[in-house]
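Please read the structure below before turning to the comments.
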Amino acid sequence: MADVVTKPKKIQRLQIGLNLLVQLILIFFLVSAVNWLGFRHYKRWDVSRDQKYALSDKTKRFLNSIKGKVRITVFFSPNTPISGDVSSLLTEYQYAAKGKIDIENIDPQRNLSRAKEMFDKYKVVSDESLIVIDYEGRNKTVKASEMAEIDQSGMAMGEGPRVTAFKGEQSITSAMIDLVEGKKNTIGYVTGHKEPSITEPSPLGMLNQQQEAGSPISVLKTFIENENIKFQELNLFNEPQIPAEIKTVMIVGPQYDLSDREIKLLHDFWNKQGRILLLIDPSAKTPKLNAFLNELGVKVNDDRLMAFVRTGIEELALIRDVQARFVGESPVTKRLANVRALFFGGTSSIALEPDRVRAANIRLQPLIETEKGYFAETDYNTTDQAKLQADAKKAGTAPLTIGVSIEKGGSADERVQMNSSRMVVVSNATFIQDNALTQDQQALDFISASANWLLSREQLIGIAPKVPKTLTFSLNEDALRSLRWMILVLMPLFFVVLGTAVWWKRRA
């Protein structure tokens, strides 16, 4: 029987080609989808030691609240000391804004035509490196000098300029707040009772060489105004009522008491959900102002806080400057929890009576408490050290309150936003003056947080400049011994072993 010859099956080249094409298309779309997802949804971590470019929670919350598009044009030449810092920082802004920020970098020295076009558009007249922030037709300029503190003292020795503090985030976020919010919030600064002046010397007075002193709180004023807030002098004696455009009233260390009429204006303002920031000078006699606080469950005691510190084996020194810490249970001090600050000058204790005012829906929260060791002395003018030491021993160890927040109405739940009357009271008025502010800016951060809380801008509480940190390595004797073994023995031994292995393999 003859074998049946099977005819070979015809190869379907078209079908194979189509299958291959479909596979390639699917692979292409799969790779594209993975890249698209990776580009749109990714996570970045800052693992640097000092997190120099990490944005604060305040900036992130503000960027999340922006509705429109922000355009940032960077006019920085490469030889500017902070050009790299600004570029890295703006990258963090762009990432945190999630597509709400567009950035264009222009080198004025290389791209003259584009630089001139943008200079004409934004009316830029400065030769300094700067950035221009544009939001819905409004724009604001931030110069390099505003974003950093630069030490040029070493240039005489041939050294380059050194950045001592980078304030890029503080300056850029401040400019954005100014543009996005548009109209500035107004704080009424009460005058007429010998409060510290907020006015600067007039140019005419300087030309006439008159002895016109500057504002003792100029640093604080500049710091607060950078957050889209303006100060307006407010003389309550001349006003029929507190103007409607004033959202918060600020009273700093009045040396004379307010009149009955002025107290009534404050009462009316408070009852209409007003906001008040009150810094009291304990050395001034203000019984009517104290009575107003007493009605709200806050009693400013007639005493002075002091403590004894050991300066020798049997020697004690009396200090009247108060070392205190911020209590983090309030929205005002949540981001300053357990931060220490020094309150110069006289400070008195504050007694809270929350039970007495609870029926009026008034809530009291301590903001600042002294460290252990401080006592409240009622006979604060005495020089009898034995009596003061005896009073210190009789005093308790519980911390004393020197700052408090008062809120009437609203809700105790921070997630619930309701209108309410708000007040911040501190029994010290000198800690915000220029000669008392420290480099760490605790006082500035506290007053900024208080102002933002009083203005119902809780999302803007928190930014401080970044101070560059020098990375140093400290090796003890054991670490040095291990390093010597590694360099002198292990590393040469590795190459000996490797050479021996190569020689042995070739010989075999």
Of the residues Phe223, Phe231, only one is modelled with pLDDT under 80 and among the aromatic types (Phe, Trp, Tyr); which? Phe223
Taking the stretch 216-238 as the region of interest, how many residues are loosely packed, with under 14 Cβ neighbours inside 10 Å and free of Cβ contacts under 8 Å to residues at least 24 places away in the same chain? 2
Determine whether the stretch 71-87 contains at least one residue that is of a type outside the set (D, E, K, R), part of a helix (DSSP H, G or I) and open to solvent by less than 20 Å² (accessible area, probe 1.4 Å). yes
Counting only strands (runs of 3 or more DSSP E) wholly inside the stretch 297-403, the ones holding at least 2 residues that are open to solvent by 30 Å² or more (accessible area, probe 1.4 Å) are 304-310, 316-319, 322-326, 340-343, 350-352, 362-370
Checked the stretch 273-311 for anything of a type in the set (Val, Ile, Thr) and either closer than 24 Å to Asn361 by Cα or more than 32 Å from the chain's Cα centre (by Cα) (or both); matches are Ile276, Thr286, Val298, Val300, Val309, Thr311
The listed residue being open to solvent by 80 Å² or more (accessible area, probe 1.4 Å) and touching a residue at least 12 places away in the same chain (Cβ under 8 Å), out of Lys285, Lys264: Lys285
Run down Glu92, Glu136, Glu117 and say which single residue is farther than 23 Å from Glu458 by Cα and touching a residue at least 12 places away in the same chain (Cβ under 8 Å). Glu136
What number goes with the only condition from (1) under 30 Å from Ile350 (Cα atoms); (2) modelled with pLDDT of 70 or more that Met418 does not pass? (2)
Can you work out which of the residues in the stretch 125-137 that are closer than 19 Å to Pro78 by Cα and buried (at least 18 other Cβ atoms within 10 Å of the Cβ) is farthest from the chain's Cα centre (by Cα)? Ser129
For Thr73: the one exception among (1) closer than 20 Å to Ala175 by Cβ; (2) β-branched (Val, Ile, Thr); (3) at pLDDT below 90: (3)
Need pairs with beta-carbon distance below 7 Å; first residue in contact (Cβ under 8 Å) with a residue 12 or more places away in the chain and within the stretch 398-409, second of a type in the set (Phe, Trp, Tyr); sequence gap 6+ or separate chains. Leu400/Tyr374; Ile402/Phe343
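The values are calculated or read from the model by the stated rules, or taken from the named source; none is laboratory data. Fair warning: this is a prediction, and the values are worked out from it, not measured in the lab. Glycine also receives a Cβ, built like all others from the backbone with ideal geometry; neighbour counts cover every protein chain displayed. These accessible areas exclude ligands, DNA and RNA; they are computed on the full protein's heavy atoms, side chains included. Shrake-Rupley method; radii C 1.70, N 1.55, O 1.52, S 1.80 Å.
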